[in-house]
Amino acid sequence: MDMYLALPYIIIFLFGVNVGSFLNVCICRIPKGESIVTTPSHCVSCGKQLKWYELIPLFSWLALRGKCGGCGSVISAQYPLIEAVNGILWAVVFHCTGFSIETIFFCLMTSALIVLSVIDSRTFEIPQGINIFILVLGIIHTILNLNNLIDYFIGFFAVSGILFVIFVLTAGGGIGGGDIKLMAVCGLLLGWKLIVLAFFIGCIIGSIIHLAKMYLFKAKNVLAMGPYLSVGIFISALWGDGLINWYLSFLNL
């Protein structure tokens, strides 16, 4: 019986791991302006085109001992890490949302957030294409939930509108344009309550971690907000309603 209960999680994890392999392609190629569809997978050092058995997620990296089969150069541990993280997070989403349409939306959103988080942490830019992808998810999700249209419509502007005012007043020095768009499209997907909560969670986590990095590692005071906002969005999407209800019940006491 336990095996039957675990089987859906195993399947979701394996799907997530395979999608994670594609996420690595996006992470490596999008900042370079390379195609993520037409260009065959290859070693970034020697350009050797990878064979099918070198593309098996997780296992290929382990079998090759983290080195290219052609030139012997080290293959970044990012590849199996992203694959594993995506698989694990997909399983977490499934655990929280079960067999529902929300699982599909939140799994796809999670994968997009992983890509933009890694790219933003390296380049301080959130790819336009990732925000457009989440926007499409938000539009489809809203169409399927027209009874909550006002909630999602307000969610599009709830945080992004305030951030846009900050952007204008500081001439772009206070917040990045990509962050504004991210909170807009995710607000359309989650609704205004959850996106406001996501913003607060992201800011708190970002402040704590970056202050620690500044103190311990002498990091600069400029930070990429995308990864922290993404964590807030993920937490809010899965546990936001429970957190809000807990907070409201706490106030009533």
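Values computed for the structure shown
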item	result
Nearby lysines by direct alpha-carbon distance to Lys181 (threshold 18 angstrom, same-chain neighbours under 8 apart not counted)	Lys193
Inter-label distance for Asn252 and Ser121, nm, one decimal - labels placed 7 Å from Cα along Cα-to-Cβ	4.0
Set of aspartates and glutamates near Lys67 by C-alpha distance (under 14 Å), chain-local residues within fewer than 8 positions excluded	Glu54
Estimated [θ] at 222 nm from DSSP helical runs (n ≥ 4, -39500 (n - 2.57)) normalised by residues in the chain, nearest 500	-24000 deg cm²/dmol
Charge dipole magnitude, Cβ of K and R +1, D and E -1 - region 1-99, Cα centre, debye nearest 20	380
At most 16 other Cβ within 10 Å, DSSP loop - GluC sites (Glu not before Pro), region 23-99	Glu34
Ranking of Phe59, Phe133, Phe106, Phe157 by count of other Cβ atoms within 10 Å, fewest first	Phe59, Phe157, Phe133, Phe106
Within-13-Å neighbourhood charge of Gly177 [Cβ basis; K, R +1; D, E -1]	-2
Shape call, region 1-149: gyration tensor on alpha carbons, a/c limit 1.5	oblate
Tilt relative to the chain, helix 2-29 - C-alpha long axis, 0 to 90 degrees, to 10	80
Residue exposure sequence - Leu197, Leu81, Leu229 - by fewest surrounding Cβ within 10 Å	Leu81, Leu197, Leu229
Selection from Val159, Phe234, Gly129 lying farthest towards where the dipole of the chain points positive, charges on Cβ	Gly129
Magnitude of the charge dipole, the chain, Cβ model with Lys/Arg +1 and Asp/Glu -1, debye to 20	800
Dipole axis of region 124-253 (+1 Lys, Arg; -1 Asp, Glu on Cβ), positive-most option in Gly172, Leu243, Tyr215	Tyr215
Approximate spin-label separation Ala63-Arg29, in nm, with each point projected 7 Å along Cα-to-Cβ	2.2
Net length gained if the chain between Cys203 and Gln78 were fully extended (0.36 nm per residue, minus Cα distance)	42.4 nm
Crossing angle, helix 177-190 versus the chain [Cα axis fit, 0-90 degrees, rounded to tens]	70
Dipole magnitude of region 30-155, debye to nearest 20 (Cβ charges: Lys/Arg +1, Asp/Glu -1, about Cα centre)	560
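Laboratory data are not the source of any read-out in this text; all were calculated from the coordinates shown. Since the model is a prediction, treat every value here as computed from it, not as a measurement. FYI the Cβ positions are ideal-geometry reconstructions off the backbone, even for glycines, and counts take in every protein chain you see.
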